[in-house]
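One structure is given below, encoded as structure tokens.
Values quoted throughout were computed directly from the atomic coordinates according to the rules given, and no laboratory measurement underlies them. Quick caveat, the model's predicted, so the values are computed rather than measured. Heads up, the Cβs are rebuilt from the backbone with ideal geometry, glycines too, and the neighbour counts pull from every protein chain shown.
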Amino acid sequence: MCGIVGYVGYRKILSVLMDGLKRLEYRGYDSAGVTWPEHGSLVRVRTRGKLSRLEEALEEHRGTDSTAGLGHTRWATHGEPTQQNAHPHSDCTGELVVVHNGIIENYYSLREQLTAEGHKFKSETDTEVLAHLIEKYLQDDIEAAVRKALADASGAYAIGVLWARRPDVLVAARKHSPLVLGISEGEAFMASDVPALLPYTRDVIFLDDGEMAILSGSGINIRSVTTGDDIEKTVQQISWDASMAEKAGYKHFMLKEIYEQPDAILNTFRGRVVPGTGEIRLPEIGIGREVISRLKRIVFLACGTSWHAGLVGKYWIEKWAKIPVEVDLASEFRYRDLLIDQDVLTIPISQSGETADTLAGLRIAKERGSSIVSICNVLGSTITRESDGTVYTHAGPEIGVASTKAFTSQLTALFILALFLAKERNAMTDEDASEKIGTLISLPGIIEKHLPEWHNQCRDLADEFYTKSDFLYLGRHLQFPIALEGALKLKEISYIHAEGYAAGEMKHGPIALIDRNMPVVAIVPGDHVYEKMISNVEEVKSRRGIVITLGREGDEELKRISNAMIACPDAEAEINPFIYTVPLQLMAYEIALARGCDVDQPRNLAKSVTVE
Ligand code: AGP
């Protein structure tokens, strides 16, 4: 996610902005920029890459005595990570600038309208639209102009606005993207996150959706974006140290990212599905209906957790779009004699977009004439640049090595892609698609609601089982990949040997392992293979095995035969993979914690495996 820092008061602006941006680096970024008022106009300095390059570019401005300004680190969502696309963005006059974190969903239509009205755009970003929109409404009241502009925009935003004619005032506003204000005598701060404020103040106000703030050296006024009415807010005192603050108060990035999953899923489907109509929008997919109609096969290429996402996607695409799907480990795919041609759609799935085996597989498939549509979390990464199109996950930067929010965001992208392909091939009615969209849209709320209780249950499970040396995870159908994913989570952060297995395979070997020392984790939702899973649990119990089950709230039969049971909401079968993944992530996290492991940086692992 992008990082925003704003200041107005008595301190030299460059040191405040750069110090603040450095404290937000953990959020991940690919370009950065700052702006401040000087001699009646605005200075704007932007660079691609890390803050060190911005600092070099600022050398010549060291002498500025300005004491107000805005800074931004950009995590690209629309438009490549270039200097031209770096924030702050300005209007036509250059007298007004905006920094933004979020996604303006209707930016394209707004850009067309503003262009028709004579505005000249200089970047590919959705953010620049806001600068021109404010310019359109600006006469002599910057606050009113911002309110009018935000009334036209839809989507998610945290913004900072600076106008050369009011050099001692910043305007801030938020909807769905975080923005925190810092209060101190004779000065005011704004930032995407608390760490940027800690060197100066611990007295903060968290803006809520639909609120805006006017910052000046004499204080901060909070108002409603829609009405302009004053709003009274409570000042809170931050007790975190800087390290805890980077993790938003969470002990580890992994835990923060597990809890961010409702937002990550929401941000991935936001703007792509239209509730009530069954409409699916994937303008960035890069292939047309003609290619989609003639497809004979789809091949997913991926590694690790991303491969597990592909295994889930296979069920949805084959069921809804009626296209055969193969899910290939990229490290195997690239060395086989391949039957790939122009009638095959190859879909690399990668959080980082830099995984060497996946990239190598992409290039081989492309040489053989296959269309390439990637699913990726990093805009402008190598895999995306070599694809015909990309369905981006909008999970934000994933810092923990063990993938969590990126995985459920990949599932979200695959769910949407399966519906899109089904519609494009006339294999699904608008009504059915609308129903599935409704199910998807319910997910963030379901997960948000159950996270705290799941976490409590997983803490208890960890206390009981963290000393075990072997685990077996079992699942069927849509839950088989989730069993694999749960086992991978546990092994990669707790170093416990854990195997994921198709439950139907138990009697073909793994059942020989069952004893009272090896916990068996069985995923048992109320789907069409429920009875089969109950039999598996009984098989384990009859051999004095230990069974930890994940099942429906109120499933007393399952609870009776389980040593421990994590209760999950009864949901539509197609979204169970999302729901059952989260407790498994939390269980792995708490067991690793109990074993004193480095959860965010597990031994021997890298976040992006760019070597073969
Ligand atoms: C998952 O928790 C691991 N970090 C690892 O398996 C990862 O999924 C794999 O290396 C693929 O990475 P990618 O998604 O960036 O391509």
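Key figures
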quantity	calculated
Theoretical FRET efficiency, 1/(1+(r/R0)^6), r = Cβ-Cβ of K541 and E572, R0 35 Å, to 0.05	0.75
Rounded to whole Hz, the Karplus (6.51, -1.76, 1.60) HN-Hα couplings of region 344-359, x for glycine and proline	10, 9, 9, 10, x, 10, 7, 5, 7, x, 10, 4, 4, 5, 5, 5
Degrees separating the helix 480-494 axis from the principal Cα axis of the chain, which is the longest one	70 degrees
Positive-end residue of T67, T549, T82, charge dipole of the chain with Cβ unit charges	T549
Computed over region 181-303, Kirkwood Rh from alpha-carbon pairs, angstrom	18.8 Å
Alpha-carbon spread of region 251-403, three principal axes, descending order, Å	47, 40, 27
J(HN,Hα) series, region 543-552, from Karplus relation 6.51 cos²θ - 1.76 cosθ + 1.60, nearest Hz, glycine and proline x	10, 6, x, 9, 10, 9, 10, 10, x, 6
Kirkwood-type radius of region 18-117, with distances r between different C-alpha atoms, in Å	14.5 Å
Ellipsoid semi-axes in whole angstrom, largest first, where each is sqrt(5λ) of the Cα gyration tensor of region 100-170	19, 14, 11
In degrees, nearest ten, helix 430-465 long axis to first principal axis of the chain (Cα)	80 degrees
Computed E for E448/N426 - FRET, C-beta separation, R0 35 angstrom, nearest 0.05	0.50
Residues of type lysines that K247 reaches as a straight line, Cα spacing below 19 Å, ignoring anything fewer than 8 places off in the same chain	K22, K256, K405, K607
Candidate lysines - alpha carbon under 17 Å from K175, same-chain residues fewer than 8 apart omitted	K148, K233
J(HN,Hα) series, region 69-84, from Karplus relation 6.51 cos²θ - 1.76 cosθ + 1.60, nearest Hz, glycine and proline x	x, 10, x, 7, 10, 9, 9, 4, 10, 10, x, 4, x, 10, 5, 4
With eigenvalues of the C-alpha gyration tensor scaled by 5 and rooted, the chain, Å	44, 28, 22
Degrees between helix 576-594 axis and first principal axis of the chain (Cα, 0 to 90, nearest 10)	80 degrees
Efficiency of FRET from Cβ geometry, K233 and R336, R₀ 60 Å, rounded to 0.05	0.50
Globularity index of region 481-612, i.e. its alpha-carbon radius of gyration over 2.2 N^0.38 Å	1.10
Gap separating the Cα centres of region 253-275 and region 282-326, nearest whole Å	21 Å
Net charge dipole size for region 137-291 [Lys, Arg +1 and Asp, Glu -1 on Cβ; Debye, nearest 20]	380 debye
